[in-house]
Amino acid sequence: MSQFIHHPVSVPRPRTRYSTLAYFITCDLGLIVLVSCGCWGRPPTIKPPKWDPEGLAAKAMEGSDTDGDGGISLEEAADDPVMKTAIGAWDISGDRVLQADEIARRIRDFKEMKTGVSLFPIMVTLDGQPLPDATVSLTPADFLAGLIEPATGTTGQVGRVVLVIDREDLPGVRYGVYRVEISKLDENGEDLVPARYNSETELGLEVGPGKGRTGDTLFTLKSH
């Protein structure tokens, strides 16, 4: 459902008390990059989450390994777009079953990068046309809830958005796997985007090392 296309990254300025003086983004090494300055006070530093690879893997297995056989299959993840995404991205063995050690291995990658947030531009089209003024929401997998925050953003005229962590009001997203919802309401409050992309979403997304670095992640939606 997603693929990479090449576009230069354009970062919106956050609306905080630092926005007229300085704002910060993080790179994949977890460093803070000062974009503009004229400093007073100290802007907030976004620290990496406290990753616990084995503990989080055990939590994922507890929540999704419904038959208790030690693996999460596509059948068990049939109604969970987040875990289906994790299987597709983290199943190193290729058996289409996600094991605890495979989950822990990828989370260990997150931990070793020491990244606070990562820029992750997204492009949205509907029936082949850019979808402006759409709300894009990322909700963490259940086993990551409380560790990483949701992120949201609104697409511009070309259907492009750089997501923002809700509580930080700074551009970027935590590493992790997410449920994705995309909506656009008309003047009557009706959603112009089918339910399979929002309230009954089929969309999942991984944000992690090597993801989103070659261009925008493209969601190509269909109205029928």
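If the condition is being part of a loop (DSSP other than H, G, I, E, B) and at pLDDT 95 or above, then the range 213-222 contributes only K222.
Scanning the range 156-185 for residues that are farther than 16 Å from F120 by Cβ and modelled with pLDDT of 95 or more gives Q157, V158, S183, K184, L185. Taken together, P140, P132 contain a single residue that is out of contact with any Pro (no Cβ under 6 Å at 6 or more places or on another chain) and farther than 17 Å from T220 by Cα, which is P140.
Within the range 190-212, can one find any residue that is farther than 25 Å from K50 by Cβ, in contact (Cβ under 8 Å) with a residue 60 or more places away in the chain, acidic (D, E) and in a strand (DSSP E or B)? Scanning the range 190-212 turns up no residue that is farther than 25 Å from K50 by Cβ, in contact (Cβ under 8 Å) with a residue 60 or more places away in the chain, acidic (D, E) and in a strand (DSSP E or B).
The listed residues are V177, V136, V161, and the only one of them that is within 20 Å of G208 (Cβ to Cβ), outside any helix (DSSP H, G or I) and touching a helix residue (DSSP H, G or I) at 6+ places or on another chain (Cβ under 8 Å) turns out to be V177. Could you please find all residues in the range 139-158 being surrounded by fewer than 22 Cβ atoms within 10 Å (Cβ to Cβ), part of a strand (DSSP E or B) and hydrophobic (A, V, I, L, M, F, W, C)? Across the range 139-158, the qualifying residue is only A145.
If only residues of the range 66-116 that are in a helix (DSSP H, G or I) and over 21 Å from the mean Cα position of the chain (by Cα) are counted, the one that is nearest to A141 (Cα to Cα) is A100.
The values are calculated or read from the model by the stated rules, or taken from the named source; none is laboratory data. What you are looking at is a predicted structure, and each value in this text was computed from that prediction instead of being measured. Cβ: placed from backbone, ideal geometry, glycine included. Neighbour counts: every protein chain shown.
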